[in-house]
1. Please get the size of the charge dipole for the range 41-94, origin at its Cα centre, with Cβ charges of +1 on Lys and Arg and -1 on Asp and Glu, quoted in debye to the nearest 20.
2. Mind giving me the nanometre distance, one decimal, between the label points for residue 22 and residue 58, set 7 Å out from Cα along Cα→Cβ?
3. So for the chain, averaging the separation of alpha carbon pairs under 8 Å that are six or more residues apart and normalising by length, what relative contact order in percent results?
4. About its Cα centre, how strong a charge dipole does the range 7-122 have in debye, to the nearest 20, once Lys and Arg get +1 and Asp and Glu get -1 at the Cβ?
5. What's the Kirkwood radius of the chain in Å, using all Cα pairs?
6. What do you get for the angle between helix 75-89 and the principal long axis of the chain? Use alpha-carbon atoms, 0 to 90 degrees, nearest ten.
7. For the Cα atoms of the chain, what angle does the longest principal axis make with the long axis of helix 56-69, in degrees from 0 to 90, nearest 10?
8. Top mean-square fluctuation among 54, 110, 86, Gaussian network model of the chain, C-alpha springs under 10 Å?
Amino acid sequence: MPPRDLILIANLELKSPIGITAQERSEPQRLTVSLEIEPEANFPDLEDDITRTVDYFTVTRSIQELALARPRNLIETLAEEIAELVLRDFPVARVTVELRKYILPDTEYVAVKIIRLNVVRIFPE
């Protein structure tokens, strides 16, 4: 299989009411998310046309809205929802999501990282 082109989004700032305790969820917390997106089309096939690629501005705004939309207990849940959104709403074959939370003392951050494939696009009916 030939190498695929990637779109990278690094350290997108998010606010989300997230955490195990009600106190944690009472105010939106700072999170960051980084994505590695493998679009369906490689860059030479785009013909300099934004409609043929993944509009990363729209991706970032959609993720920010999702993060703020409702309380969640786990960053794992939000990471999964971010991956689902990207795969569902954009022409993407694969996405890697790394979601960071800045909560524990004596740590820079805690994070989860998931890789999801768009099986509908890979194995169409």
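Just so you know, all these numbers are worked out from the coordinates, no wet-lab data involved. For clarity, every value in this text was computed on a predicted model and none was experimentally measured. When we count neighbours, we look across all protein chains shown, and the Cβ atoms used for this are built from the backbone with ideal geometry, even at glycine.
1. Using Cβ point charges on Lys, Arg, Asp and Glu, the range 41-94 gives about 280 debye.
2. The modelled label-to-label distance comes out at 4.1 nm.
3. Result for the chain is 26 percent.
4. Using Cβ point charges on Lys, Arg, Asp and Glu, the range 7-122 gives about 460 debye.
5. About 15.4 Å, per the Kirkwood formula over Cα pairs.
6. That helix lies at roughly 30 degrees to the long axis.
7. Roughly 30 degrees, rounded to the nearest 10.
8. Of 54, 110, 86, the Gaussian network model singles out 110 as fluctuating most.
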